[in-house]
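Enquirer: Questions regarding the structure given below will be posed in turn.
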Protein chains: 2
Amino acid sequence: MNRRRSTIAEIAARAGVSIPTVSRVLNNRPDVAPATRERVERVIREAGYVRSRVANALRRGSSGIIDLVVPDLDSPYYFEIIRGVEEVLERTELRMALSTTHDESRRERQWLRQVIEGATDGAILVLAQGQSDRLDELRRHRIPFVVVDHRGELGPDVPSVGATNWAGGRAATEYLLSLGHRRVAIIAGWPNLRCSQDRIAGYRAALEEAGLPVDPELIRPGEFRQQTGYDQTCALLALPQPPTAIFAGSDLQAMGVYAALRAHGLRVPDDVSVVGFDDVPIATMVSPALTTIRQPLAEMGRMATAMLLRLIAGELLDSMRVELATSLVVRESCAPPSLPDR
Amino acid sequence: MNRRRSTIAEIAARAGVSIPTVSRVLNNRPDVAPATRERVERVIREAGYVRSRVANALRRGSSGIIDLVVPDLDSPYYFEIIRGVEEVLERTELRMALSTTHDESRRERQWLRQVIEGATDGAILVLAQGQSDRLDELRRHRIPFVVVDHRGELGPDVPSVGATNWAGGRAATEYLLSLGHRRVAIIAGWPNLRCSQDRIAGYRAALEEAGLPVDPELIRPGEFRQQTGYDQTCALLALPQPPTAIFAGSDLQAMGVYAALRAHGLRVPDDVSVVGFDDVPIATMVSPALTTIRQPLAEMGRMATAMLLRLIAGELLDSMRVELATSLVVRESCAPPSLPDR
DNA sequence: TTTTCATCAGTAAGCGCTTTCATAGTAAAT
DNA sequence: ATTTACTATGAAAGCGCTTACTGATGAAAA
């Protein structure tokens with residue numbers, strides 16, 4: 001009906017009071033006479049007035065927006081995190097601005113500019129470089145942020161949340177070893193990712209603990225995508241002594257492993273055992289259901305958001321760096337090796 | 001280094017010019033002497049100045065934010081759409097604010113209030129009720145919007161994008177029929193969803209065209225989730241004359257179908273053929289790979305965003321209602337029926 | 001040389017709201 | 001009756017920026 005959005009001034013005029021009085025009513029200030037308050041509130045209701053968040057933002061320098069930045073939107077990994085963030089944000093007045101960088105620095109700068117321009121209240125960066133210029137700039141602009149699953153080294157004062165990747169890598173390997181496997185391969189993420197390094201370290205630890213040699217051939221880096229799983233499995237299978245178990249760096253990779261194994265006429269888990277990482281929904285949908293290391297992605301998102309909220313409120317964090325526990329979820333993709341080698 | 005964010009006024013002072021001049025430089029206005037422009041630009045660079053989008057937003061009443069609203073964040077369906085939206089938005093200066101309603105009207109109002117408060121430039125509503133108070137209110141506040149995959153009836157002047165669900169329903173059924181199936185079941189979404197209705201209509205059309213009776217027992221409504229697929233398949237299998245092919249309403253449902261079939265010791269496609277709907281990534285990851293009706297989700301997101309952008313620019317839409325083509329993607333989950341019934 | 005125009009830059013207003021600060025009115029204390 | 005102390009409200013400033021206007025210049029036209 002009314003074309004323009006109504007302003008506080010209109011309400012004031014209609015209610016026969018001054019602008020500040022309306023503002024006071026809006027903000028539930030105590031110093032308004034009950035009768036006046038009543039009257040103003042009625043007018044507000046009648047006019048269908050909603051206050052402008054933009055004007056407010058300008059006034060007090062906070063936009064009510066949290067930025068969530070992910071490298072891409074091509075994996076359930078990100079979506080789980082996004083969901084976690086959304087879950088806590090939806091209980092607040094804050095909105096989530098989602099953007100992607102595609103790991104391109106051009107996009108990163110663009111994002112950074114937007115964030116700073118936009119007076120973001122805070123940012124959650126997924127898989128960001130642990131100590132980069134970007135982070136410094138954010139800091140310089142006094143924009144609170146927390147990093148999820150950082151890459152590379154982490155500055156000491158960077159709030160971050162991750163998962164116990166080392167423990168996960170070790171648990172998966174130990175499990176496979178306990179089943180009797182002696183040649184277990186690991187497909188990881190790129191070595192520049194902190195989580196990859198940790199998982200491989202966990203894998204090595206388990207092997208060494210069991211007194212088994214670490215065969216470099218069995219450690220295959222790559223992206224966390226299906227294709228990598230496929231390709232590396234093929235490579236692994238071409239080895240003179242192929243592994244009897246494969247520990248993939250992500251469930252998506254594991255799907256590639258499944259496909260490659262099928263293509264070679266090998267059955268899971270009868271011929272080769274497979275363990276994934278992440279525990280995204282697909283893990284339960286495939287057959288055999290994927291045994292995997294659960295990474296509490298949604299919870300990481302929730303935790304990061306909770307931390308950010310505290311930072312925004314100016315509170316201190318109990319701990320700058322929090323690591324959430326991974327856990328082994330046993331399903332159907334592992335079994336004792338068919339023919340024990342060695 | 002510098003604590004506060006620098007303002008245009010500071011730049012002006014430092015460069016020895018007036019505030020409007022800085023603004024002109026910032027906006028690439030032609031009426032600035034080259035030398036002055038040069039100088040101002042240098043100061044801007046040195047100061048690391050970024051203009052406040054908030055102030056701008058207040059000034060010109062546009063916030064640079066597009067709202068994307070989905071019912072939930074629990075299905076690849078949404079993520080594909082989100083990705084499409086992000087793809088076109090990332091080429092603009094606009095940011096995406098993502099929120100969920102959980103189909104609760106409380107959340108919907110909250111969202112609506114936020115949107116109106118926040119001076120959103122426009123909104124994309126996924127699976128919104130075709131003619132609801134919400135939409136009216138958006139219209140009243142002059143907020144451009146477009147609906148993706150609307151539910152229920154659609155007002156005539158509501159910009160929307162969907163897929164050719166009818167054609168998809170028909171194509172899937174025809175394909176199954178052409179394979180020799182005579183009892184094909186359809187698991188759909190809730191009947192209040194427009195897309196469900198259309199698909200069922202397409203299914204009926206194919207059946208009738210082939211001179212086959214439509215058995216109401218074979219039409220099973222439910223949610224688009226895995227569990228529904230599982231449950232309805234069990235129900236279907238319990239029928240005196242179970243279907244030899246099942247057309248699921250989503251790929252997720254189809255995963256449930258797979259699981260139920262496996263649980264009953266039935267093989268896909270040897271014993272029962274399965275067709276999905278959507279063609280999300282999982283479809284290619286499972287074995288047998290899922291034959292499905294591809295719904296160009298990401299493209300729908302892109303299209304919706306493109307339309308919204310035009311609406312925001314004040315341009316007219318070529319067409320209020322656009323339907324993107326679905327297509328049959330044949331993979332491995334269908335085969336002729338093992339024992340022809342009747 | 002005087003008039004006419006571009007050209008460049010500055011003044012001021014205002015986007016919608018919050019927030020001192022000041023003031024009128026009223027009730028309580030002297 | 002006068003002072004004191006609130007209480008309820010209004011006037012005005014300002015958040016950071018854009019954008020009519022308004023003026024100075026100096027160059028081109030008369």
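The values are calculated or read from the model by the stated rules, or taken from the named source; none is laboratory data. Quick caveat: nothing in here was measured; it's all calculated off a predicted structure. No Cβ is skipped: glycine too gets one built from the backbone with ideal geometry, and neighbour counts run over all protein chains shown.
Enquirer: Would you say B:R302 is in contact (Cβ under 8 Å) with a residue 40 or more places away in the chain, in a helix (DSSP H, G or I) and under 21 Å from the mean Cα position of the chain (by Cα)?
Expert: Numbers: in contact (Cβ under 8 Å) with a residue 40 or more places away in the chain: yes; in a helix (DSSP H, G or I): yes; under 21 Å from the mean Cα position of the chain (by Cα): yes.
So B:R302 passes the test.
Enquirer: Please name all residue pairs, on different chains or six or more residues apart, with Cβ atoms under 8 Å, provided the first residue is in the stretch B:8-33 and is within 14 Å of chain A (Cβ to nearest Cβ) and the second residue is more than 11 Å from DNA strand D (Cβ to nearest atom) and not aromatic (F, W, Y).
Expert: Pairs that qualify, where the first residue is within 14 Å of chain A (Cβ to nearest Cβ) and the partner is more than 11 Å from DNA strand D (Cβ to nearest atom) and not aromatic (F, W, Y): there are none.
Enquirer: So, A:T305, is that one crowded, with 16+ Cβ neighbours inside 10 Å, of a type in the set (V, I, T) and assigned by TED's automatic domain parsing to the domain that holds A:L68 or not? It would help to see each step written out before you state the result.
Expert: On the way: crowded, with 16+ Cβ neighbours inside 10 Å: yes; of a type in the set (V, I, T): yes; assigned by TED's automatic domain parsing to the domain that holds A:L68: yes.
For A:T305, the condition - crowded, with 16+ Cβ neighbours inside 10 Å, of a type in the set (V, I, T) and assigned by TED's automatic domain parsing to the domain that holds A:L68 - is met.
Enquirer: Then there's this: Hey, B:I81 hits all of (1) within 9 Å of another protein chain (Cβ to nearest Cβ); (2) away from DNA strand C (no atom under 13 Å from the Cβ) but one; which does it fall short on?
Expert: Failed condition: (1).
Enquirer: Could you tell me which residue of the stretch A:266-283 is surrounded by the fewest Cβ atoms within 10 Å (Cβ to Cβ), considering only residues that are closer than 26 Å to A:Y78 by Cβ and of a type outside the set (A, V, I, L, M)?
Expert: Taking the stretch A:266-283 as the starting set, the residues that turn out to be closer than 26 Å to A:Y78 by Cβ are A:274-283.
Applying the additional criterion that residues be of a type outside the set (A, V, I, L, M) yields A:276-279, A:281.
Values: A:G276: 31, A:F277: 33, A:D278: 29, A:D279: 24, A:P281: 18.
Going through the qualifying residues, I end up with A:P281.
Enquirer: Looking at the stretch B:170-205, which of the residues that are of a type in the set (F, W, Y) and part of a helix (DSSP H, G or I) is nearest to B:L239 (Cα to Cα)?
Expert: Keep residues of the stretch B:170-205 that are of a type in the set (F, W, Y), which gives B:175, B:190, B:203.
Filter once more, so that each one left must be part of a helix (DSSP H, G or I): B:175, B:203.
Values: B:Y175: 23, B:Y203: 20 Å.
Top of the filtered list is B:Y203.
Enquirer: If B:V70 satisfies all but one of (1) away from DNA strand D (no atom under 12 Å from the Cβ); (2) in contact with a helix residue (DSSP H, G or I) (Cβ under 9 Å, 6 or more places away or on another chain); (3) free of Cβ contacts under 8 Å to residues at least 12 places away in the same chain, what's the number of the condition it fails?
Expert: In the conditions (1) away from DNA strand D (no atom under 12 Å from the Cβ); (2) in contact with a helix residue (DSSP H, G or I) (Cβ under 9 Å, 6 or more places away or on another chain); (3) free of Cβ contacts under 8 Å to residues at least 12 places away in the same chain, B:V70 misses (3) alone.
Enquirer: Here is a check on your reading of the model: is A:E87 within 16 Å of DNA strand C (Cβ to nearest atom), charged (D, E, K, R) and surrounded by fewer than 20 Cβ atoms within 10 Å (Cβ to Cβ)? Reasoning before the result, please.
Expert: Values: within 16 Å of DNA strand C (Cβ to nearest atom): no; charged (D, E, K, R): yes; surrounded by fewer than 20 Cβ atoms within 10 Å (Cβ to Cβ): yes.
So A:E87 does not fit the description; no.
Enquirer: What helices (runs of 4 or more DSSP H), lying completely within the stretch A:5-63, carry at least 3 residues that are away from DNA strand D (no atom under 12 Å from the Cβ)?
Expert: Working: elements: A:8-15, A:19-26, A:34-47, A:53-60.
Passing ranges, in order: A:34-47.
Enquirer: Taking A:A57 as meeting all but one of (1) of a type outside the set (D, E, K, R); (2) within 11 Å of DNA strand C (Cβ to nearest atom); (3) under 20 Å from A:V115 (Cβ atoms); (4) surrounded by fewer than 18 Cβ atoms within 10 Å (Cβ to Cβ), write down the number of the exception.
Expert: (4)
Enquirer: Next question, about the same structure. Here are some residues: B:E137, B:E87. Which one is at the interface with chain A (Cβ under 10 Å from one of its Cβ atoms), at pLDDT 90 or above, over 17 Å from A:M96 (Cβ atoms) and touching a helix residue (DSSP H, G or I) at 6+ places or on another chain (Cβ under 7 Å)?
Expert: B:E87
Enquirer: Those residues that are within 22 Å of A:A313 (Cβ to Cβ) and in a loop (DSSP other than H, G, I, E, B), I need them from the stretch A:114-132; list them, please.
Expert: A:G118, A:A119, A:T120, A:D121
Enquirer: Among the residues of the stretch A:27-44 satisfying the criterion of being within 12 Å of DNA strand C (Cβ to nearest atom) and crowded, with 17+ Cβ neighbours inside 10 Å, which is nearest to B:A119 (Cα to Cα)?
Expert: The qualifying residue nearest to B:A119 (Cα to Cα) is A:I44.
Enquirer: To continue, here is another question. On the given criteria, is B:A263 in contact with a Leu (Cβ under 6 Å, 6 or more places away or on another chain) and within 12 Å of chain A (Cβ to nearest Cβ)?
Expert: Details: in contact with a Leu (Cβ under 6 Å, 6 or more places away or on another chain): no; within 12 Å of chain A (Cβ to nearest Cβ): yes.
So B:A263 does not fit the description; no.
Enquirer: If you don't mind, there's one more thing I want to ask. Of the residues that sit in the stretch A:87-113 and are assigned to a strand (DSSP E or B) and of a type in the set (S, T, N, Q), which one is nearest to A:T305 (Cα to Cα)? Talk me through it step by step, then tell me what you get.
Expert: Taking the stretch A:87-113 first, the residues assigned to a strand (DSSP E or B) are A:95-100.
Okay, now just the ones that are also of a type in the set (S, T, N, Q), so A:99-100.
Working: A:S99: 16, A:T100: 18 Å.
Filtering the stretch A:87-113 for residues that are assigned to a strand (DSSP E or B) and of a type in the set (S, T, N, Q), the one nearest to A:T305 (Cα to Cα) comes out as A:S99.
Enquirer: So in the stretch B:278-299, with the set limited to residues that are over 17 Å from A:V286 (Cα atoms) and outside any helix (DSSP H, G or I), which one is nearest to the other protein chains (Cβ to nearest Cβ)?
Expert: Our first condition is that a residue be over 17 Å from A:V286 (Cα atoms); within the stretch B:278-299, this holds for B:278, B:293-299.
After this cut, where a residue has to be outside any helix (DSSP H, G or I) as well, the list is B:278, B:293-296.
Working: B:D278: 14, B:I293: 19, B:R294: 18, B:Q295: 18, B:P296: 16 Å.
Among those residues, the one meeting the criterion is B:D278.
Enquirer: Now for a different question. If only one of A:S319, A:S327, A:S338 is over 27 Å from A:L89 (Cα atoms) and among the polar types (S, T, N, Q), which one is it? Explain how you work it out, then say what you get.
Expert: Details: A:S319 fails: over 27 Å from A:L89 (Cα atoms); A:S327 fails: over 27 Å from A:L89 (Cα atoms).
Selected residue: A:S338, the only one of A:S319, A:S327, A:S338 that is over 27 Å from A:L89 (Cα atoms) and among the polar types (S, T, N, Q).
Enquirer: Now for a separate question. Of the numbered conditions (1) among the aromatic types (F, W, Y); (2) more than 9 Å from every other protein chain (Cβ to nearest Cβ); (3) under 15 Å from the mean Cα position of the chain (by Cα), A:Y49 satisfies every one except a single condition; which is it?
Expert: Single failed check for A:Y49: (3).
Enquirer: I've got another one for you. Which residue, of A:L68, A:L73, is buried (at least 18 other Cβ atoms within 10 Å of the Cβ), more than 11 Å from DNA strand C (Cβ to nearest atom) and in a loop (DSSP other than H, G, I, E, B)? Let's see the steps before the verdict.
Expert: Working: A:L68 fails: in a loop (DSSP other than H, G, I, E, B).
After ruling out the rest, the residue left standing is A:L73.
Enquirer: A follow-up question, please. Which of the residues spanning the stretch A:100-113 are more than 21 Å from the chain's Cα centre (by Cα) and facing another protein chain (nearest Cβ under 7 Å)?
Expert: Correct list: A:R113 only.
Enquirer: Which one is farthest from B:R5 (Cα to Cα) among residues in the stretch A:45-54 that are without any contact (Cβ under 8 Å) to a residue 40 or more places away in the chain and within 11 Å of DNA strand C (Cβ to nearest atom)? Can you show your working first?
Expert: The initial filter retains those residues of the stretch A:45-54 that are without any contact (Cβ under 8 Å) to a residue 40 or more places away in the chain, namely A:45-46, A:53-54.
Filter once more, so that each one left must be within 11 Å of DNA strand C (Cβ to nearest atom): A:53-54.
Values: A:R53: 20, A:V54: 18 Å.
Restricting to residues being without any contact (Cβ under 8 Å) to a residue 40 or more places away in the chain and within 11 Å of DNA strand C (Cβ to nearest atom), the top hit is A:R53.
Enquirer: Now for a different question. Look through A:Q114, A:Q110, A:Q129 and report the one residue that is out of contact with any helix residue (DSSP H, G or I) (no Cβ under 8 Å at 6 or more places or on another chain) and on the phi < 0 side of the Ramachandran plot.
Expert: Working: A:Q114 fails: out of contact with any helix residue (DSSP H, G or I) (no Cβ under 8 Å at 6 or more places or on another chain); A:Q129 fails: out of contact with any helix residue (DSSP H, G or I) (no Cβ under 8 Å at 6 or more places or on another chain).
After applying the criteria, what remains is A:Q110.
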